[in-house]
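> Before I ask anything, here is the structure I am working with.
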Amino acid sequence: MTISENENPRLPYLRDKTSRLTTSPGCYIMKDKSGKIIYIGKAKNLRNRVSSYFRPWQDHLPKVWKMVSHVNDYDFIVTDTEFEALVLECSLIKQYTPKYNILLKDDKGYSYIRITDEPYPRISAVLQKEDDGSRYIGPYTSSYAVKQAVEEANRVFMLPTCRRKFPQEIGKGRPCLDRHIKKCMGVCAGGISQEEYGEIVKQAVDYIKGGSQQSVERLTEQMNAAAEVLDFELAARLRDRINAIKKAADGQKIIDENMKDTDIIAVSQNSEKACASVIMYRGGRLFDKADFFLGDKDTVSQMRESFITGYYSGKESIPKEILLDEEIENAELLERWLREKSGHAVHISVPQRGHLLRLTTLAKNNASEYLSIRVGRTGKEIVALEELASALGLPKPPHFIECYDISNLASSDMVAGMVVFENGRPCRKFYKHFSIKTVAEQNDYACMAEVLERRFRNYFEKTDEGFSTLPDLIFLDGGQGHVNTITPVVRAMGIDVPIYGLVKDDKHRTRAVATGGGEISLTRSRAAFALVTAIQDEVHRVAITYQAKRHKKSTYRLELTKVRGIGEKKALKLLTEFKTKERLREAAVEQLMQAAGISRETAEELKKVIEEI
């Protein structure tokens, strides 16, 4: 979005002031007409950075556009280095908390681990401590860590999580699916004494408190003791439990001896908003998780840098390792600032593979889920659009996606379908059908060109709400040839929207995304691949359904022309007047005479044919 003097009459003054600004590093302080500070930023070159806000042709994100529209004046502070500017920026933001800087607030409460007081106790995560006789461990500041730990313990020790009451329901009804897939020991089936169950619960609580290594050592001692007294059945059960713990330790994320002092940070965004998630490990254990709503999105790198500086400005304890989901421009600068603030070395990195990549992906999923709650979209939809933007090299996740497909039977009844996906969901009120008008012979390229021309002609004429929005991304059902043919047509109309083709395999399934010079595989981006497949399937359904409807109507019209005195034009008049076959059957002879301009004799003959079709 570009800013004009209508939105901010002070732009001429601000441009003139900025033209004389120093090129040194420093901080700039934007103020509104009341003198209130609304934004603080840092720059390596003050003149270049500040002037980028006020250029008449500059394309701003919505957040920046709103900020610039309220700027009445600005101050600046010159520093010797960019690092000094970073330190000063953090200090000023903390002092003034400007409206358009990222202000971090997360919802924190306390959580407990509850072990119920009943013959067969259950372990669960709860937010409140009640006077119900249960045993409570806590409080913990992180509900996320508590839930993860409880889920892990129930899974490793195969404890029941169903709503059945024991011992009342032991032996009643069939065991559930968890028993069959070995996720539960199956108390309901019997065979496990109350004493043995209680011992297993005790081991699960020890596992939560001390981790897998201590649990394995303690169970190993019990197994050896059982073997010495020739209780081989108990020893075998303990051996199996030890193996289960060791196996679970390979995939669990609660305890990781290699993650002594680490934060994992990821940012998720849709077309307008952004959220960040921080997963914290301390002493080799999952310690906490925090989610932050960042408000209006900024540039990808700037959001992460602003979040890191804002988040750690208020932290007394800073980890030695910070893992990010994407690269940032000033990583070395931030490492230096964090080192001086904490008194120890801090390393910022972006994992590319293995266990650490899985952790950044976990943080990304958490940020996506938190954002989904805020914007009313599912986490999968947000991730799919982010993955799609990343795979196609788009500057931001596409908000509005249009897709087109051509359908025909040889050269007859040539039609096209247009579907619209808004924020990853079908927006059916904007779906469109096109009957091809200028192409006589079967030619998918020419048909697609006609459809896109008509679509954007309607955009400029503003005659239809469904055509009034400019899409962020266009998909064509076809390969490189479609993209190379259609792109010049659209560009000639002044439309600069990314255009890609959707390529199918020999089984008519989505295979890749076509560019003008090759193909982009989405097999590694599962959510994006699922979204693109859904879009292609939907546009194919819309196009082929409309084509079948047109063909059926065309066939019906030909049947009407078999009546002497009824030609193509009169048959079309009848279908236009009565719309459906049902209404045409219900029409009286006099109505047929008037609609088609025919004699009574012809109308009576026509009536007989209509009733027989």
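> Quick one: would you say Leu230 is at pLDDT below 80 and more than 30 Å from Tyr312 (Cβ to Cβ)? Before the answer, list the steps.
On the way: at pLDDT below 80: no; more than 30 Å from Tyr312 (Cβ to Cβ): yes.
Taking the combined requirement at face value, the residue does not satisfy it.
> Continuing with the same structure: Among the residues of segment 333-347, count how many are farther than 19 Å from Ser91 by Cα and surrounded by fewer than 19 Cβ atoms within 10 Å (Cβ to Cβ).
Residues meeting the conditions: 3.
> What's the total number of residues in segment 5-51 that are surrounded by fewer than 12 Cβ atoms within 10 Å (Cβ to Cβ), out of contact with any Leu (no Cβ under 8 Å at 6 or more places or on another chain) and in a loop (DSSP other than H, G, I, E, B)?
Of the residues in segment 5-51, 6 are surrounded by fewer than 12 Cβ atoms within 10 Å (Cβ to Cβ), out of contact with any Leu (no Cβ under 8 Å at 6 or more places or on another chain) and in a loop (DSSP other than H, G, I, E, B).
> Could you say whether any residue in segment 314-321 is without any contact (Cβ under 8 Å) to a residue 24 or more places away in the chain and among the acidic types (Asp, Glu)?
There is at least one residue in segment 314-321 that is without any contact (Cβ under 8 Å) to a residue 24 or more places away in the chain and among the acidic types (Asp, Glu).
> Please determine, by comparing only the residues of segment 137-187 that are farther than 16 Å from Arg114 by Cα, assigned to a helix (DSSP H, G or I) and aliphatic (A, V, I, L, M), which one is modelled with the highest pLDDT.
Across segment 137-187, the extreme among qualifying residues is Val187.
> Would you be able to tell me the number of residues in segment 1-48 that are closer than 22 Å to Met303 by Cβ, of a type outside the set (Val, Ile, Thr) and at pLDDT below 90?
1
> Give me the residue from segment 271-286 that is closer than 14 Å to Glu386 by Cβ and modelled with pLDDT under 75 and, out of that set, surrounded by the most Cβ atoms within 10 Å (Cβ to Cβ).
My answer is Ser271.
> What pairs can you find where one residue is in segment 67-92 and under 13 Å from Tyr39 (Cα atoms), the other is assigned to a helix (DSSP H, G or I), and their Cβ atoms are less than 6 Å apart, with a gap of 6+ or different chains?
The qualifying pairs are Val68/Tyr53; Phe76/Leu46; Cys90/Thr309; Cys90/Ser313.
> Here is a follow-up. What's the total number of residues in segment 188-205 that are crowded, with 16+ Cβ neighbours inside 10 Å and assigned to a loop (DSSP other than H, G, I, E, B)?
Total satisfying the criteria: 1.
> Same structure, new question: Only one of (1) of a type in the set (Gly, Ala, Ser); (2) in contact (Cβ under 8 Å) with a residue 24 or more places away in the chain; (3) outside any helix (DSSP H, G or I) is not met by Ala512, so which one is it?
All conditions are met except number (2).
> Can you tell me which residue among Trp65, Trp57 is out of contact with any His (no Cβ under 7 Å at 6 or more places or on another chain) and surrounded by fewer than 15 Cβ atoms within 10 Å (Cβ to Cβ)?
Trp57
The values are calculated or read from the model by the stated rules, or taken from the named source; none is laboratory data. Since the structure is predicted, the reported quantities are computational estimates derived from the model, not experimental observations. Please note: Cβ atoms are built from the backbone with ideal geometry, for glycine as well, and neighbour counts cover all protein chains shown.
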